[in-house]
Amino acid sequence: MMVQSPLKRREVQPNLRKVSKPDISTSSASAKKQSNAKRATDSSKTGIPKIKPGVVILWSLIIGAFGFAYLTHVFATQSLLEEVQALENEYNKARQTHDELKLQYDRMVGPAEIYDKAQAAGFINGGPAEYIIEVEE
């Protein structure tokens, strides 16, 4: 038995649960079955909220649409990358051809080739200048 001091009174809030009082006329076994049945239905009501099938279908469609858009984007990006790589290869081949032709042209108009053509045409090589040119002022 607990005895509380009147000096230590606590403010107690009323019980807000709606608990029905069992009938005295029913037997204790049937009362237990009814209370267990009530508890089972009450726990299903207060447990996890039910998700409607329409909401699940809607979310599935939304996720599917986003997945389809993502996969389409990935495949489009891959095909674009292949196209860029093909153009890059074509550009590299054209640049290599241009460099080869430029080198061939530079050899054709270069000093060594011009000296050889001039000698074949009958020109005489004067050689380096042996004297210094002086400018009078």
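The values are calculated or read from the model by the stated rules, or taken from the named source; none is laboratory data. Just so it is clear, the structure is predicted and the values come from calculations on it, not from any experiment. A quick note on method: Cβ atoms are made from the backbone with ideal geometry, for glycine too, and the neighbour counts reach across all protein chains shown. Please note that ligands, DNA and RNA were not included when accessible areas were found on the heavy atoms of the full protein model with its side chains. Shrake-Rupley method; radii C 1.70, N 1.55, O 1.52, S 1.80 Å.
Observations
- Residues being outside any helix (DSSP H, G or I) and open to solvent by 90 Å² or more (accessible area, probe 1.4 Å) - total across the range 109-128: 4
- Test result for Ser44, surrounded by 10 or more Cβ atoms within 10 Å (Cβ to Cβ) and either assigned to a helix (DSSP H, G or I) or at pLDDT below 90 (or both): yes
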